[in-house]
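See below for the structure under consideration.
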Amino acid sequence: MTFKMTYWVAFRTIVMKEMLRFMRISAQTLLPPAITTVLYFIIFGELIGARIGDMAGFRYVDFIVPGLILMAVISNSYANVVASFYGSKFQHYVEEMLVAPLPNWVILLGFVSGGVARGVMVGIVVTLVALFFSDIQVHSYAVTLAVFVLTSILFSLAGFINAVYANSFDDISVIPTFVLTPLTYLGGVFYSITLLPEFWQNVSLANPVLYMVNAFRYGLLGVSDISLTLAFAIIIGFIALLSAYCMHLLNRGVGIKS
Amino acid sequence: MWPFVFNLSLMTPSLNGDVLIVKALHIEQLTKVYPKGVQALSGIDLRVEQGDFFALLGPNGAGKSTAIGVVCSLLNKTSGKVRIFGHDLDTEREAAKACIGLAPQEFNFNMFDPVVEILTNQAGYYGIPHAEAAERAEKLLRQLHLWDKRRVQARLLSGGMKRRLMIARALVHHPRLLILDEPTAGVDIEIRHSMWAFLREINQQGVTIILTTHYLEEAENLCRNIAIISQGRIVEQTQVHELLRRLHQEVFVIDTAQALDKMPSIEGFKLDKVADHRMEVSVSREHGLSQLFAGLNAAGVEVVSLRNKQNRLEQLFMDVVNHSRGTGV
């Protein structure tokens, strides 16, 4: 794989286009996560959380901060790529890229970077909101940043796969509604799995989101229900797997070429 | 001025030492079978010379857009070879793609993007830095009378403007081969003529143009060479004037000064009255128009105007297509 200046220009074009897209509709992309997070903090953090007491040695409102930030990152990275790539298929302007001398990996990298950009921006917005409700002390900047970016990459790739297979706008909302949201809510955002009976603890270990939430919680609070090494191995493993699958789909032209 | 006219590096020596000029497009035995088993192309061969203005004609569903889709990498071929300026689409895909500019039949830009961004983004995909892309976009938008609309969302443009935007986008990376799939469909006559003038200018500057159209007058006016595709096969490939030469009979519509109470009889010509002041005359190649005028003059018929009843190419097109289908209509 040779790197060329033209690839860099093309990659930057895709990323800038993607960023402009979600910035232009910031009322639909950046604002809602901020409002939702405020509601979570008020209801679960202040009203209910005050009666729950400490969890894993932290105030409940502080305990849920990492999960809420990561939940926003996950859903927004995914939503950005699935909506944008499906939109380009629906209006056929994906053909602008298909006719150009662009390797498929540049197209994938561009869309994923767009998803990461939105995930990171939403993550920053939610973190700023969280600062009003909790006193966040970052335990490890390296772990926090790494999980933040890697999770964003992982769900951008997942969004891309969803978009490739989608044939209607319904198809791009099915996975987020029926798969992503349950996995996120059951991924330890609002609780420690140690509170669950052993059987459900073991079931929870099959949920990949659990590893990301816990790794991110470790980065911010220094506590985790699972091993950090295992969490990183799973995140990176999934990224490798989904990247390879995305490239396979693009190279075969699945969903975009007959 | 287009930044290239002719490139000596594209001339390759043949075995006997002569120099062969690489074709702008060289298709060999191209077949395409869609997943549900529909055979859209059945081994077509096509050669388009550099600098040509080439028409690819055919009825709906004949395989024109499929052939273009394969050449532009929008469709996967089933078998066959495609070379663009000598670059094999299988082994030198990026080099081949860089040579082509495509304005497809259907609008395929983001309707919510401003006009100028559609051009600069497309240039970006070809690796053209933003500053240069912006300059090229401005030049093209001015040439195609879209500069005033540069900040308008594409969805708000008229049909004719959208067609021009597609042509501008196809040209922004300075392609050597421009492929236009029905570029003037739904465009009014005035704009169509200005687009023709623009395309002629681009072609004169060295860009090879392949055009599909249902307006055969367009092909006759613009193109030097022509291929007719029917049922996934090339059934004719020749020069436009050569094809027109084959026309054995033409039908003319004649308007007369006086009412045609009694139709004149002129030997060798078949005259039919279609209205009080109008007749249709079938003229074969053996009989010239001067003979017809002499006959009309002798019969005391004063001719006000004369025109072809049907576009000449249209007549031939129907003959070729019907012959290929075996309908012989």
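The values are calculated or read from the model by the stated rules, or taken from the named source; none is laboratory data. For clarity, every value in this text was computed on a predicted model and none was experimentally measured. Here the Cβ is made from the backbone with ideal geometry for all residues, glycine too, and neighbour counts use every protein chain on show.
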Quiz prompt | Options A:ALA146, A:ALA83, A:ALA166, A:ALA56; residue that is farther than 25 Å from A:MET23 by Cα and either in contact (Cβ under 8 Å) with a residue 24 or more places away in the chain or within 14 Å of chain B (Cβ to nearest Cβ) (or both) | solution = A:ALA56
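Okay, residues lined up against (1) in a helix (DSSP H, G or I); (2) at pLDDT below 95:
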{"site": "A:GLY187", "(1), (2)": "no, yes"}
{"site": "A:TYR191", "(1), (2)": "no, yes"}
{"site": "A:GLN201", "(1), (2)": "yes, yes"}
{"site": "A:ALA206", "(1), (2)": "no, yes"}
{"site": "A:ALA215", "(1), (2)": "yes, no"}
{"site": "A:VAL223", "(1), (2)": "no, yes"}
{"site": "A:ALA231", "(1), (2)": "yes, no"}
{"site": "A:HIS248", "(1), (2)": "yes, no"}
{"site": "A:ILE256", "(1), (2)": "no, yes"}
Quiz item: Inside segment B:143-155, can you point out the residues that are more than 11 Å from B:LEU165 (Cα to Cα) and either free of Cβ contacts under 8 Å to residues at least 40 places away in the same chain or not assigned by TED's automatic domain parsing to the domain that holds B:HIS174 (or both)?
Solution: B:ASP148, B:ARG151, B:VAL152
Quiz item: Out of curiosity, is B:GLN50 part of a loop (DSSP other than H, G, I, E, B), in the same structural domain as B:VAL207 (by TED's automatic domain parsing) and more than 18 Å from B:VAL321 (Cα to Cα)?
Solution: yes
Quiz item: Of all residues in segment B:277-305, how many are in contact with a strand residue (DSSP E or B) (Cβ under 9 Å, 6 or more places away or on another chain) and loosely packed, with under 14 Cβ neighbours inside 10 Å?
Solution: 7
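Go through segment B:52-84 and report how many residues are within 14 Å of chain A (Cβ to nearest Cβ) and either surrounded by fewer than 20 Cβ atoms within 10 Å (Cβ to Cβ) or of a type in the set (S, T, N, Q) (or both). Even if it seems obvious, please write down each step before you answer.
Keep residues of segment B:52-84 that are within 14 Å of chain A (Cβ to nearest Cβ), which gives B:63, B:65-78, B:82, B:84.
Next, only the ones that are either surrounded by fewer than 20 Cβ atoms within 10 Å (Cβ to Cβ) or of a type in the set (S, T, N, Q) (or both) stay: B:65-66, B:73, B:76, B:78.
Here the count works out to 5.
Does A:PHE111 meet the test of being buried (at least 23 other Cβ atoms within 10 Å of the Cβ) and within 14 Å of another protein chain (Cβ to nearest Cβ)? Steps first, answer last, please.
Numbers: buried (at least 23 other Cβ atoms within 10 Å of the Cβ): yes; within 14 Å of another protein chain (Cβ to nearest Cβ): yes.
Yes: the conditions hold for A:PHE111.
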Exercise. Go through segment B:85-131 and give me each residue that's surrounded by fewer than 20 Cβ atoms within 10 Å (Cβ to Cβ), facing chain A (nearest Cβ under 10 Å) and assigned to a helix (DSSP H, G or I).
Key: B:ARG93, B:GLU94, B:ALA95, B:HIS130
Exercise. Select from segment A:1-46 the residues that are over 22 Å from A:ALA117 (Cβ atoms) and modelled with pLDDT under 85 and write down the one among them that is nearest to the other protein chains (Cβ to nearest Cβ).
Key: A:LYS4
Quiz prompt | Number of the condition not met by A:ILE35 [criteria: (1) surrounded by fewer than 13 Cβ atoms within 10 Å (Cβ to Cβ); (2) under 25 Å from B:LEU119 (Cβ atoms); (3) within 23 Å of the chain's Cα centre (by Cα)] | solution = (2)
Quiz item: How many of the residues in segment B:30-59 are farther than 22 Å from B:ASN225 by Cβ and of a type outside the set (Phe, Trp, Tyr)?
Solution: 9
Quiz item: If A:ILE226 satisfies every condition in (1) closer than 21 Å to A:VAL120 by Cα; (2) in contact with a helix residue (DSSP H, G or I) (Cβ under 6 Å, 6 or more places away or on another chain) but one, which is the exception?
Solution: (1)
Practice problem: Would you point out which residue out of B:LEU144, B:LEU156 is more than 25 Å from the chain's Cα centre (by Cα) and over 20 Å from A:ALA100 (Cα atoms)? | Solution: B:LEU156
Exercise. Determine whether A:MET71 is touching a residue at least 60 places away in the same chain (Cβ under 8 Å), surrounded by 24 or more Cβ atoms within 10 Å (Cβ to Cβ), among the hydrophobic types (A, V, I, L, M, F, W, C) and out of contact with any Cys (no Cβ under 9 Å at 6 or more places or on another chain).
Key: yes
Quiz prompt | Residue list for segment B:159-172, filter: of a type outside the set (A, V, I, L, M, F, W, C) and either closer than 16 Å to B:ASN108 by Cβ or free of Cβ contacts under 8 Å to residues at least 12 places away in the same chain (or both) | solution = B:GLY159, B:LYS162, B:ARG163, B:ARG164, B:ARG169
